[in-house]
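The next block holds one structure in the form of structure tokens; read it before the comments.
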Amino acid sequence: MIDEIVDRIVQFFSTGLVEKIIKAFLVLCDRFVNFILSLCEGNNYKKKDETVDVLYTSGNFLVINKKHDLLINSNDTKKVKTVQTIMRKQFPEYVQDNLTHDFYFAHRLDFATSGILCIPLNKNACKEVCQVFEEQRARKYYLALLRGHTDFDEEVIDIAIGKTAIDTSKKMCTILEDELCQNPRRSITKVLVLDRGYYNGKPVTKVLLRPITGRRHQLRLHCSQIGHVIVGDYTYSLKIDTSPPRMFLHAFRLVLPNTIENLDIQTDDPFTEKALKYKWKVVEQVNSIANAFDIIDSF
């Protein structure tokens, strides 16, 4: 009996079937390992080669579409991911060795704000852009989603903004909310309603904003002061609005008249129903984007 079993085992191995099975198994293992390695290499590649979205470039200006939740630059060396560090790898030819932050960042966008950022590529272009902003000749337009349905279609907000007298997360304040508001300066924002609808089932108004002045956190603070905080604005919702994936404020269009090269740059609308995966539903269109710029400039 035992001899018969041994003979059968010997015959089984001698057919080469086991060898074929083992070889097939090893091939599958090899393919699986290569697949996992390719995924890892792909992720590392994306991290190493993350880039900014270029909207326009010339010999004088580089205009990009900044992502939300991204600093422009930082003195903290631990913050390795900023517009500056990404651009330093993407555009080493534009790095200015004499500048602390490598590039001429002539204007700013908040960490949480996405949209148009114009970067002059030489000293003369930077001087021009700074002068345009200082003289308030730049025209800036922002898109935002605001909590609640506004009872107006057009509004001009004229509320002075200053710094908070005490150290808080808000940093900036208005004279209406804080009698101790330091160095308040006149601040003006135009608001034009585009759509009313619902985001995740809650009432929201989509607006075009045009700041006439340029105070820190001006749009965020002005919107909160009229009772319609920007969706996802953690700071000015008093740390209540935490569910959205981002703050819905986007620098949509920038017009920079200057003697070197007039600029008029616009991005795609990031707050359409499709772009927001239909979590945002429009129920009333008040003004179209096509006519919005002329309307907001007229009042």
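For Asn60, what charge total do you get from the other residues with a beta carbon under 13 Å from its beta carbon, if Lys and Arg give +1 and Asp and Glu give -1?
Combined, the nearby Lys, Arg, Asp and Glu give 0.
Between Glu179 and Asp151, what is the label-point separation in nm under the 7 Å Cα-to-beta-carbon projection?
Simple spin-label model gives 2.8 nm for this pair.
Restricting to DSSP loop positions (anything but H, G, I, E, B) with no more than 14 other Cβ atoms inside 10 Å of their own Cβ, which trypsin sites (Lys or Arg not before Pro) remain in region 144-183?
Hits after loop and neighbour filter: Lys171.
Average the reciprocal distances over every distinct pair of alpha-carbons in region 48-296, invert the result, and give the Kirkwood radius in Å.
19.1 Å
Just report the Cα centroid separation between region 202-235 and region 99-131, whole Å.
Their Cα centres are 23 Å away from one another.
Exceeding 22 Å between C-alpha atoms, which entries from my cross-link table qualify? They are Lys163/Lys202; Lys67/Lys206; Lys123/Lys170; Lys66/Lys281; Lys202/Lys239.
Flagged as over cut-off: Lys163/Lys202; Lys123/Lys170; Lys66/Lys281.
With a 1.4 Å probe and all protein chains kept in place, how do Tyr278, Tyr141 rank by accessible area, largest first?
Putting Tyr278, Tyr141 in descending order of accessible area: Tyr278, Tyr141.
At 0.36 nm per residue, minus the direct Cα-Cα distance, what do Val80 and Glu135 gain on full extension? Give it in nm, one decimal, please.
That works out to 16.4 nm of additional length.
How much accessible area per residue does region 48-296 have, in Å², with a 1.4 Å probe?
For region 48-296, the solvent-accessible area averages 50 Å² per residue.
Return the FRET efficiency for the residue pair Arg186, Phe111: r is the Cβ-Cβ distance, R0 is 30 Å, and the value is rounded to the nearest 0.05.
Efficiency for this residue pair is about 0.70.
What full-extension length gain, to one decimal in nm, is calculated for Lys202 and Lys274 as 0.36 nm per residue of separation minus the Cα-Cα distance?
Gain on extension, Lys202 to Lys274, equals 24.2 nm.
The values are calculated or read from the model by the stated rules, or taken from the named source; none is laboratory data. Treat the numbers as computed from the prediction; the structure is a model and nothing was measured. Cβ: placed from backbone, ideal geometry, glycine included. Neighbour counts: every protein chain shown. For the accessible areas, the whole protein counts, side chains as well, though only heavy atoms, and no ligand, DNA or RNA atoms are used. Shrake-Rupley method; radii C 1.70, N 1.55, O 1.52, S 1.80 Å.
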